[in-house]
Structures are given as structure tokens and as C-alpha cells.
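Notes follow once the structure below has been shown.
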Amino acid sequence: SAVISQKPSRDICQRGTSLTIQCQVDSQVTMMFWYRQQPGQSLTLIATANQGSEATYESGFVIDKFPISRPNLTFSTLTVSNMSPEDSSIYLCSVEDLGVGTDTQYFGPGTRLTVL
Amino acid sequence: QQQVKQSPQSLIVQKGGISIINCAYENTAFDYFPWYQQFPGKGPALLIAIRPDVSEKKEGRFTISFNKSAKQFSLHIMDSQPGDSATYFCAALYGNNRKLIWGLGTSLAVNP
């Protein structure tokens, strides 16, 4: 299975600032996904990021607030822009591992963000 | 129609007992049903998954039962252990863009 790392693992940020979260995979993957998870809650998909194309955002999420880059098949970043306390959450990236099967998604350890 | 309904929200089981978590869906286009296990401070980890052409899949102490006609599937954890205490999510795969639709999760506590 793919091994996924995220940086930073956690951060405390001030209102109005931006944070960029990095997701690195140890193998080439076609599809990468970014999720948000409030403590004790389920996962909410923010966007799907395919290499070489614009990210596809879910309803309620916009590019200006959550810009995503996908420069190659092993790396992606999610930026949380102009943060407010409501953005405090765990941000997770996941990948679809074509080496195992086209339907298996693996998750990174998450980035715990607190906005003051 | 895109929802996956998961129950119970929380579950307490004695060590050695059977933990059962249920999920139901409406959209017959779903074609892949994974279960994820999540420990505090960690990302979800794939536990076991099933496709609708199979009625049961077993991996060690974990079994998925799938009822296509009822549009329901469940996770059974046999001989539950305190180390199984975690949050469990069912999900269903939707569409060509491979988006997962998630249940709300079940917090399982296994008492020693």
C-alpha cells in the first residue's frame, strides 16, 4: 500500500493568515483527495486533485479559500487561506493506489489545525 | 440518495464479544464498500472492503456481510479486543471520479 506523509502534523495559526499543508506519497498515484474532519465527526471531501488538471472542488469549498497544487504524481499541497476559527479542523490527504486496485484509498496521518 | 447511514453512533462491548456495526445506502450505483478504522490522532486506515457481487468477506476477526437486496452491509468484529477500541467508518464509492461517501462513524469501546 502507498505510504503517505503530511507536513505539518499540527499547527496553531492566527486569524487571517494562511497555511499550506503538504502531502507526499512514496509512489506515483493518479488521484489525490483532500478531506476535512472536525473532531469526533466524519470526513468531508474538499476536492479531488489530479496531476496536470485543475482540482475539482465539492459544494461549499472554493478555490480562493482552499487553493490546491498538484505538480507531480507524488505530491500535492492544500492551502487554507485567510483562516478563521471555523477552519480549525483535521485536514487529511488520501490517494487512490493503482498498484492495489483502482478502488482503494489510503490516508495520510492528518494535519491538526487550530486557528485562534 | 447519496447518503450512507451508519448505526449505532457508539458501541460498548466486553472483551471477547462480537461488535456489530451496520450501514445502509440508497444509491444502487455504489459498487465498492470499504470499512475504515481510525484511532485518535491518526488518519483512517482501510480495514476491509467488499463489492456487491459478494455476500460475505472475512479477514481474520473482521467480517463484512452484504445484503444487496436490502441495500445494507455490516461489519462484524469477532472476539473483540481492547485494541479494537477506535472509530469505525463505513463508506461507499460513487462515480467515475471515485468519491467516497462516508457514514457518520461508530465509536467502539471494548472493555477489558
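The values are calculated or read from the model by the stated rules, or taken from the named source; none is laboratory data. The structure displayed is predicted, hence computed values, not measured ones. Glycine gets a Cβ as well: all are built from the backbone with ideal geometry, and neighbour counts include every protein chain shown. The area values use the complete protein model at the heavy-atom level, side chains included, leaving out ligands, DNA and RNA. Shrake-Rupley method; radii C 1.70, N 1.55, O 1.52, S 1.80 Å.
Filter region A:71-101 down to the residues that are at pLDDT below 95, within 13 Å of chain B (Cβ to nearest Cβ) and in contact with a Ser or Thr (Cβ under 9 Å, 6 or more places away or on another chain) and list them by number.
A:95, A:96, A:97, A:98, A:100
Please specify each residue of region A:63-88 satisfying the condition of being open to solvent by less than 40 Å² (accessible area, probe 1.4 Å), charged (D, E, K, R) and either under 21 Å from residue A:25 (Cα atoms) or out of contact with any strand residue (DSSP E or B) (no Cβ under 8 Å at 6 or more places or on another chain) (or both).
Of everything in region A:63-88, just one residue is open to solvent by less than 40 Å² (accessible area, probe 1.4 Å), charged (D, E, K, R) and either under 21 Å from residue A:25 (Cα atoms) or out of contact with any strand residue (DSSP E or B) (no Cβ under 8 Å at 6 or more places or on another chain) (or both), namely A:70.
Give just the number: which of (1) within 21 Å of residue A:116 (Cα to Cα); (2) more than 11 Å from chain B (Cβ to nearest Cβ); (3) in a loop (DSSP other than H, G, I, E, B) does residue A:39 not satisfy?
Unmet condition: (2).
In region B:26-46, what count of residues is obtained for those that are more than 19 Å from residue A:41 (Cα to Cα) and buried (at least 16 other Cβ atoms within 10 Å of the Cβ)?
Counting residues in region B:26-46 that are more than 19 Å from residue A:41 (Cα to Cα) and buried (at least 16 other Cβ atoms within 10 Å of the Cβ) gives 3.
Within region A:22-62, can you find the residues that are modelled with pLDDT under 90, surrounded by 15 or more Cβ atoms within 10 Å (Cβ to Cβ) and of a type in the set (Ser, Thr, Tyr)?
If the condition is that a residue be modelled with pLDDT under 90, surrounded by 15 or more Cβ atoms within 10 Å (Cβ to Cβ) and of a type in the set (Ser, Thr, Tyr), then no residue fits.
Out of B:12, B:21, which single residue is part of a strand (DSSP E or B), farther than 20 Å from residue A:42 by Cβ and touching a strand residue (DSSP E or B) at 6+ places or on another chain (Cβ under 6 Å)?
B:12
One line per residue, one yes/no per condition, for (1) more than 10 Å from chain A (Cβ to nearest Cβ); (2) touching a Lys or Arg at 6+ places or on another chain (Cβ under 6 Å):
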position	(1), (2)
B:23	yes, no
B:78	yes, yes
B:101	no, no
B:108	yes, no
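Among the numbered criteria (1) assigned to a loop (DSSP other than H, G, I, E, B); (2) of a type in the set (Gly, Ala, Ser); (3) touching a His at 6+ places or on another chain (Cβ under 8 Å), which single criterion is violated by residue B:69?
(3)
Among the strands (runs of 3 or more DSSP E) contained in region A:51-116, which hold 2 or more residues that are touching a residue at least 12 places away in the same chain (Cβ under 8 Å) and farther than 14 Å from residue A:38 by Cβ?
A:68-72, A:75-80, A:89-96, A:105-107
In the set B:59, B:26, which member is farther than 22 Å from residue B:2 by Cβ and more than 10 Å from the chain's Cα centre (by Cα)?
B:59
Looking only at residues in region B:85-101 that are aromatic (Phe, Trp, Tyr) and modelled with pLDDT of 95 or more, which one is farthest from residue A:32 (Cα to Cα)?
B:88
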